[in-house]
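The numbers here are math on the coordinates, done by the rules we state, and not lab data. Fair warning: this is a prediction, and the values are worked out from it, not measured in the lab. Positions of Cβ are generated from backbone atoms using ideal geometry, with glycine treated the same way; all protein chains shown enter the neighbour counts.
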Amino acid sequence: MNVLLINGSPNERGCTYTALKEVEKTLNANGVTTQLIWLGARPVAGCIACGKCREEGHRGQCVFEDAVNQISAHLDQVDGMVVGSPVYYSSASGQVTAFLDRLFYTCGSRMAGKLGACVVSCRRGGGTATFDQLNKYFAMNNMPIVTSQYWNQVHGSKPEDLLEDSEGLQTMRTLGQNMAWLLKCIQAGREAGIGLPEYETKIWTNFVR
């Protein structure tokens, strides 16, 4: 069982990192292996709708060579994903939004059955709007969304503040517990012969046919 944790903050070891580490520690304590990836402080290219990733010979590969292709190359070994972001004007960071747009557009068909969760870090408000934004990536790609005891958010302007947010940290630990439990349930089901649902061929419409 392997979970990928993505730090979408330009601050490598800030509040978002601290929240993700709390989730990671709980996953590790439950026997789940993890990898925490920082997207970096440089801008991440957004999707330019070129369609190359859908063409033969390029399928599943983005024209921009960065973390999207690096992660997609190992996506089949990932059982769950936790995406972390700071809150900017009630939205996720530009880096993580661009990253997820391209990752899910190129690899959406390979996401089905993987567990998804997000954590958001805010000084005061805007956390629930960002939480809702990030969860939509999972909801639109057949990924069961892992919940916790409250919205997956922590509060503080710096890691030292966050360490005083006892409820927020507990929410992160509960998220880790729930994800580990669900991963074990899926593994037990797989061993009992229960696989992924068989989906119909996807229908695409634009409402004006």
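So that you can scan it fast, the table gives a plain yes or no per residue for (1) charged (D, E, K, R); (2) more than 17 Å from the chain's Cα centre (by Cα):
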residue	(1), (2)
PRO10	no, no
THR18	no, no
THR34	no, no
CYS47	no, yes
GLU55	yes, yes
GLY60	no, yes
ALA67	no, no
SER72	no, no
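Would it be correct to say that HIS58 is surrounded by fewer than 18 Cβ atoms within 10 Å (Cβ to Cβ) and within 24 Å of ALA180 (Cα to Cα)? So HIS58 does not fit the description; no. Checking the stated criteria, GLY40 turns out not to satisfy the condition of being touching a Pro at 6+ places or on another chain (Cβ under 8 Å) and closer than 23 Å to LEU182 by Cβ.
Is it fair to say THR97 is under 18 Å from TRP38 (Cα atoms), surrounded by 15 or more Cβ atoms within 10 Å (Cβ to Cβ) and among the hydroxyl-bearing types (Ser, Thr, Tyr)? Here the answer is yes, as THR97 does meet what is asked. If you go through segment 42-63 and keep only what is part of a loop (DSSP other than H, G, I, E, B), touching a Gly at 6+ places or on another chain (Cβ under 9 Å) and under 12 Å from TYR105 (Cβ atoms), you end up with just GLY46.
Scanning segment 21-36 for residues that are free of Cβ contacts under 8 Å to residues at least 40 places away in the same chain and surrounded by 14 or more Cβ atoms within 10 Å (Cβ to Cβ) yields LYS21, ASN28, THR34, GLN35, LEU36.
Scanning segment 101-119 for residues that are touching a Gly at 6+ places or on another chain (Cβ under 9 Å) and in contact (Cβ under 8 Å) with a residue 40 or more places away in the chain gives ASP101, ARG102, THR106, CYS107, ARG110, GLY113, LEU115, ALA117, VAL119.
Identify, from the list LEU183, LEU175, the residue that is out of contact with any helix residue (DSSP H, G or I) (no Cβ under 8 Å at 6 or more places or on another chain) and crowded, with 22+ Cβ neighbours inside 10 Å. Result: LEU183 is the single residue among LEU183, LEU175 that is out of contact with any helix residue (DSSP H, G or I) (no Cβ under 8 Å at 6 or more places or on another chain) and crowded, with 22+ Cβ neighbours inside 10 Å.
Any residue at all in segment 128-146 that's touching a residue at least 12 places away in the same chain (Cβ under 8 Å), farther than 27 Å from ARG102 by Cβ and either out of contact with any strand residue (DSSP E or B) (no Cβ under 7 Å at 6 or more places or on another chain) or surrounded by fewer than 16 Cβ atoms within 10 Å (Cβ to Cβ) (or both)? There is no residue in segment 128-146 that is touching a residue at least 12 places away in the same chain (Cβ under 8 Å), farther than 27 Å from ARG102 by Cβ and either out of contact with any strand residue (DSSP E or B) (no Cβ under 7 Å at 6 or more places or on another chain) or surrounded by fewer than 16 Cβ atoms within 10 Å (Cβ to Cβ) (or both).
Do you know which of the residues in segment 100-115 that are part of a loop (DSSP other than H, G, I, E, B) and among the hydrophobic types (A, V, I, L, M, F, W, C) is surrounded by the fewest Cβ atoms within 10 Å (Cβ to Cβ)? Only one residue tops the list, namely ALA112.
Restricting attention to segment 64-74, does a residue exist that is outside any helix (DSSP H, G or I), in contact (Cβ under 8 Å) with a residue 12 or more places away in the chain and within 19 Å of ASN135 (Cα to Cα)?
No, because not a single residue in segment 64-74 is outside any helix (DSSP H, G or I), in contact (Cβ under 8 Å) with a residue 12 or more places away in the chain and within 19 Å of ASN135 (Cα to Cα).
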